[in-house]
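The values are calculated or read from the model by the stated rules, or taken from the named source; none is laboratory data. Because the structure is a prediction, the values reported are computed rather than measured. Ideal geometry is used to build each Cβ from the backbone, glycine not excepted, and the neighbour counts take in all protein chains shown.
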Amino acid sequence: MRRSAAVVALAVAMAFIAPASAATAHPTTHDEQITFDRWQTFPQWLSGRSEGTRAVPGRKPYLSIGRSAGTTSFTDPHTGTTASWEYATWTSPQRRIGFGASELVASWNADTPAGTWLQVELEGTYTDGRQTPRYVMGRWASGDQDIRRATVDGQSDGVSSIWTDTFSIDDASAGVLLQSYRLRVTLFRKPGQSASPQVFQVGAMASNVPDRFTVTPSAGHIAWGRELAVPRYSQNIHEGEYPEYDGGGEAWCSPTSTEMVVEYWGHRPRPADLAWVDPSYADPQVDHAARSTYDYTYEGAGNWPFNTAYAASYGLTGIVTRLHSLDEVERFIAAGIPVVTSQSFLATELTDANYSTSGHLFVVVGFTATGDVIINDPASSSNDAVRNVYQRSEFEQVWLRTKRYRANGTVASGSGGVAYIIAPSWKQLPRVPGSDNW
């Protein structure tokens, strides 16, 4: 099942759920390791290896194509179109993670004018000294006229694999993990064109979150009684619209959540951007967000870095990371920053949700006076029904765990605390242990 689609079904029969004794066999834990690093300042751009790129200083420094490193031919596997492109590359310094990581998710912020696009790749070193292949983490453009925005399937070396947008060690228990990495960005433009991609940020979240069915509850009391005025949009009112983008609105939890946060910060698509949407459809910006985040290989709009890159196309900063606890989410709420979270659950595990999902995203917008979590849940019947309150202890478990039971008693995975952090570039993000470089 697609982790990003809100695979919604009313839970009418939970007779096969694992007994309580099975859950209690797994002790609570909070020993995850998480770090996020990024390159975005002028000195940081200068610290990398450039082949044709130019670092441009200013209030918001960026990379662009200076004198191209050459011309290459690329055949888009999703259209069959072959075209020539000028290109330039930038490779980050080697980043030592500080622990053996089992997963890594890259994210980037860029502008891609017409006739341009970019590719982000990962090169890593394992803890036994061997090198990873050069993995493609994404081919991206804000539009879909020049190339089809996509990830690359089938990348593996027997030690690690790329699962859509995530580098993952195949068997962490074997002891070989990721020790360090470089990110490489290739900027493309049509030959002879002066316009270039502008890359404002590239970074990665590396983590090692142990298998766990439960976590130790956090203490809270940081942002209790605080609620942010985030716009409310339902994905379900878009059911049946543009099925070519992941089956239509019923699966658009990620772009709907992202759009809510984009608009919270005062941005939204221009009328010209929405001209393609049927004028009879409500909230056409949600349709636009789904199209603008759609991954043509994954065949879904739930690619994590594609969503944060979409948000960044409005001048915001967007990253994909993991957080350690709800206390950290509270720090963001206290700073006025909503947080998009990824989770999966049975209806019996999240009181009042009234549905089960194998993977769903929604927006944490605040906390009640007693610490429960106020959510803008796009899997709602209408915009008016989007605001929900979920019990703190239940929410923290379904969001932070990496293992869970399906209704039939079999074991599936959980996100382990994945979150989108989206804010203006000038906004000071709260300090979170292990993530001081954001």
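Structural remarks
- Residues of the range 115-151 that turn out to be touching a Lys or Arg at 6+ places or on another chain (Cβ under 9 Å), aliphatic (A, V, I, L, M) and in contact (Cβ under 8 Å) with a residue 40 or more places away in the chain, as a count: 5
- Of all residues making up the range 41-100, the number that are part of a strand (DSSP E or B) and at positive phi: 3
- Within the range 391-400, one or more residues are among the acidic types (Asp, Glu), within 25 Å of Ser168 (Cβ to Cβ) and either in contact (Cβ under 8 Å) with a residue 40 or more places away in the chain or buried (at least 24 other Cβ atoms within 10 Å of the Cβ) (or both).
- Beta carbons closer than 7 Å, at least 6 apart along the sequence or on distinct chains, pair a first residue in the range 160-174 that is closer than 18 Å to Arg322 by Cβ with a second that is part of a helix (DSSP H, G or I) for Asp165/Trp304; Asp165/Pro305.
- Filtered residues of the range 101-116 (kept if within 26 Å of Tyr62 (Cβ to Cβ) and part of a strand (DSSP E or B)): Leu104, Val105, Ala106, Ser107, Trp108, Asn109, Ala110, Asp111, Thr116
- Subset tally (residues that are basic (Lys, Arg) and either under 17 Å from Asp76 (Cα atoms) or within 22 Å of the chain's Cα centre (by Cα) (or both)) for the range 102-138: 1
- Residue in the range 382-392 that is more than 20 Å from Met260 (Cβ to Cβ), of a type in the set (Gly, Ala, Ser) and not assigned by TED's automatic domain parsing to the domain that holds Ser168 present: no
Here is a yes/no grid of residues against (1) free of Cβ contacts under 8 Å to residues at least 40 places away in the same chain; (2) of a type outside the set (Phe, Trp, Tyr); (3) touching a strand residue (DSSP E or B) at 6+ places or on another chain (Cβ under 6 Å):
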position: Gln44; (1), (2), (3): yes, yes, no
position: Leu63; (1), (2), (3): no, yes, yes
position: Pro77; (1), (2), (3): no, yes, no
position: Asn109; (1), (2), (3): no, yes, yes
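- 2 or more residues under 18 Å from Met137 (Cβ atoms): qualifying helices (runs of 4 or more DSSP H) within the range 243-327: 304-312
- If you go through the range 201-211 and keep only what is crowded, with 22+ Cβ neighbours inside 10 Å and not small (Gly, Ala, Ser), you end up with Gln201, Val202, Met205, Val209.
- Given (1) assigned to a helix (DSSP H, G or I); (2) hydroxyl-bearing (Ser, Thr, Tyr); (3) within 18 Å of the chain's Cα centre (by Cα), number of the condition Ser344 does not satisfy: (1)
- Qualifying residue in the range 295-310 (condition: acidic (Asp, Glu) and either within 24 Å of Leu228 (Cα to Cα) or not assigned by TED's automatic domain parsing to the domain that holds His238 (or both)): no
- Selection within the range 224-266 - in contact with a Ser or Thr (Cβ under 6 Å, 6 or more places away or on another chain) and modelled with pLDDT under 95: none
- Filter pass, Gly249 being touching a helix residue (DSSP H, G or I) at 6+ places or on another chain (Cβ under 7 Å) and either more than 19 Å from Thr293 (Cα to Cα) or of a type in the set (Gly, Ala, Ser) (or both): yes
- Scanning the range 403-433 for residues being surrounded by 18 or more Cβ atoms within 10 Å (Cβ to Cβ) and of a type in the set (S, T, N, Q) gives a total of 1.
- The test for being in the same structural domain as Asp146 (by TED's automatic domain parsing), part of a loop (DSSP other than H, G, I, E, B) and either at negative phi or not β-branched (Val, Ile, Thr) (or both) holds for Ser194.
A quick yes/no check of all residues on (1) assigned by TED's automatic domain parsing to the domain that holds Ser313; (2) not in a loop (DSSP other than H, G, I, E, B):
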| site | (1), (2) |
| --- | --- |
| Ala353 | yes, no |
| Thr370 | yes, no |
| Ile375 | yes, yes |
| Pro378 | yes, no |
| Trp399 | yes, yes |
| Arg404 | yes, yes |
| Ala407 | yes, no |
| Ala419 | yes, yes |
| Arg431 | no, no |
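- For the range 169-191, the set of residues classified as among the small types (Gly, Ala, Ser), surrounded by 16 or more Cβ atoms within 10 Å (Cβ to Cβ) and either within 20 Å of the chain's Cα centre (by Cα) or outside any helix (DSSP H, G or I) (or both) consists of Ser180 only.
- For the range 133-161, filtering for residues that are among the polar types (S, T, N, Q), under 17 Å from Ser102 (Cβ atoms) and surrounded by fewer than 18 Cβ atoms within 10 Å (Cβ to Cβ) leaves 2.
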